[in-house]
Amino acid sequence: MADDDRRALLDDLRQLIELDRGLGVEFLARPAAGAAPLPARPAPVAAAPAETPRPATALVSYATLPPARPTSPSPPSSALAPMTQPPPPVSAPTGMAASDIAAIAAEVAQCRACGLCATRTNTVPGEGNPATELVFVGEGPGADEDAQGRPFVGRAGELLTAMIVAMGFPREQVFICNVVKCRPPGNRLPAPDEIAACQGFLHRQLLAIRPKVICTLGNTPLRALMGDDKLGITKLRGQRLDWRGIPLIPTFHPAYLLRNPPAKKPCWEDLKVVLGVLGRTPPPRKAE
Ligand code: SF4
């Protein structure tokens with residue numbers, strides 16, 4: 001990792017810690033005993049150039065899919081059930097879900113159903129525990145994910161991992177995937193025909209796992225799964241929707257949180273709604 005990238009990542013993490021401490025929220029796991037402390041804040045560096053704006057892309061018309069239908073308002077945090085026991089240990093991928101997920105990944109690796117196959121380095125089918133109760137769905141692989149063949153491994157992935165840990169799960173205990181399994185070049189949104197071509201893989205993954213909650217990250221998975229390209233994350237975040245009988249709760253994409261740190265507070269509220277549906281509460285803060 002280049003020095004500038006490392007500095008930017010450390011700055012993001014410090015900003016996150018400072019903001020979340022102010023909110024009484026911890027998105028970041030405490031370092032293990034004996035771990036080296038974070039180095040001192042470096043001197044300010046020149047602002048990074050603005051991200052390349054994504055070309056506007058109309059989303060596919062999902063005429064064959066059911067419309068969005070909120071099932072019930074989000075429960076207030078005070079109504080969340082207390083956690084009576086710690087999260088279960090990571091279970092080994094066994095049974096039909098594991099074999100189905102492996103079979104889907106093998107199909108994805110051979111897939112040439114849309115133009116994204118021409119520019120990909122690796123397919124990124126998703127990873128995690130096929131027996132999980134919680135699935136996160138993002139938009140599509142970026143450069144780091146394309147290089148490694150794994151979802152959410154860049155800066156946004158670091159933040160997603162911190163969010164998952166703050167909820168009380170090891171990252172390995174949940175399943176993480178995207179709407180499209182190959183990288184859209186130039187950091188652009190997946191095109192409608194690419195989403196349509198790939199959605200069968202995502203649907204099969206979700207139906208194989210049948211988690212207790214699907215948490216969508218950003219507009220693209222919300223619109224793709226709910227079948228309505230007019231839905232917006234700003235209005236629907238934290239709401240309990242429904243995808244084929246599975247509660248679906250949208251929140252912001254971690255990349256958006258990196259660009260807009262104040263959005264981390266409402267995002268954390270959304271994640272507490274997810275925990276509420278799972279019958280859990282956030283792990284208690286450790287004493288300073
Ligand atoms: S994005 Fe999906 S549909 Fe397109 S080539 Fe990759 S796996 Fe196939």
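The values are calculated or read from the model by the stated rules, or taken from the named source; none is laboratory data. The model shown is predicted, which means the values in this text are computed figures rather than measured ones. Methodologically, a virtual Cβ is constructed for each residue, glycine included, from the backbone with ideal geometry; neighbour enumeration extends over all protein chains shown.
Of everything listed in (1) under 16 Å from ASN178 (Cα atoms); (2) within 16 Å of the ligand (Cβ to nearest atom); (3) surrounded by fewer than 23 Cβ atoms within 10 Å (Cβ to Cβ), the single unmet condition for GLY157 is (2).
For (1) within 10 Å of the ligand (Cβ to nearest atom); (2) surrounded by fewer than 22 Cβ atoms within 10 Å (Cβ to Cβ); (3) at pLDDT below 95, each residue gets a yes or a no:
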site: ALA109; (1), (2), (3): yes, yes, no
site: LEU134; (1), (2), (3): no, no, no
site: GLY142; (1), (2), (3): no, no, no
site: VAL179; (1), (2), (3): yes, no, no
site: PRO184; (1), (2), (3): yes, no, no
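Within segment 96-112, residues that are closer than 14 Å to GLY126 by Cα and among the aliphatic types (A, V, I, L, M) have Cβ atoms under 7 Å from residues that are within 15 Å of the ligand (Cβ to nearest atom) and in a helix (DSSP H, G or I) in these pairs: ILE101/GLN205; ILE104/PHE201; ILE104/ARG204; ILE104/GLN205; VAL108/PHE201, counting only partners at least 6 apart in sequence or on another chain.
LEU206 meets all of the listed conditions (1) more than 12 Å from the ligand (Cβ to nearest atom); (2) among the hydrophobic types (A, V, I, L, M, F, W, C); (3) buried (at least 21 other Cβ atoms within 10 Å of the Cβ) but one, namely (3).
Among the numbered conditions (1) out of contact with any Phe, Trp or Tyr (no Cβ under 7 Å at 6 or more places or on another chain); (2) of a type in the set (A, V, I, L, M); (3) closer than 29 Å to GLY168 by Cα, the only one that ILE104 does not meet is (1). Beta carbons closer than 7 Å, at least 6 apart along the sequence or on distinct chains, pair a first residue in segment 268-280 that is closer than 10 Å to LYS212 by Cα with a second that is at pLDDT 95 or above and in a loop (DSSP other than H, G, I, E, B) for VAL277/LYS212; LEU278/GLU133; LEU278/LYS212. THR234 meets each of the listed conditions (1) in contact (Cβ under 8 Å) with a residue 12 or more places away in the chain; (2) in a helix (DSSP H, G or I); (3) over 13 Å from the mean Cα position of the chain (by Cα) apart from (1).
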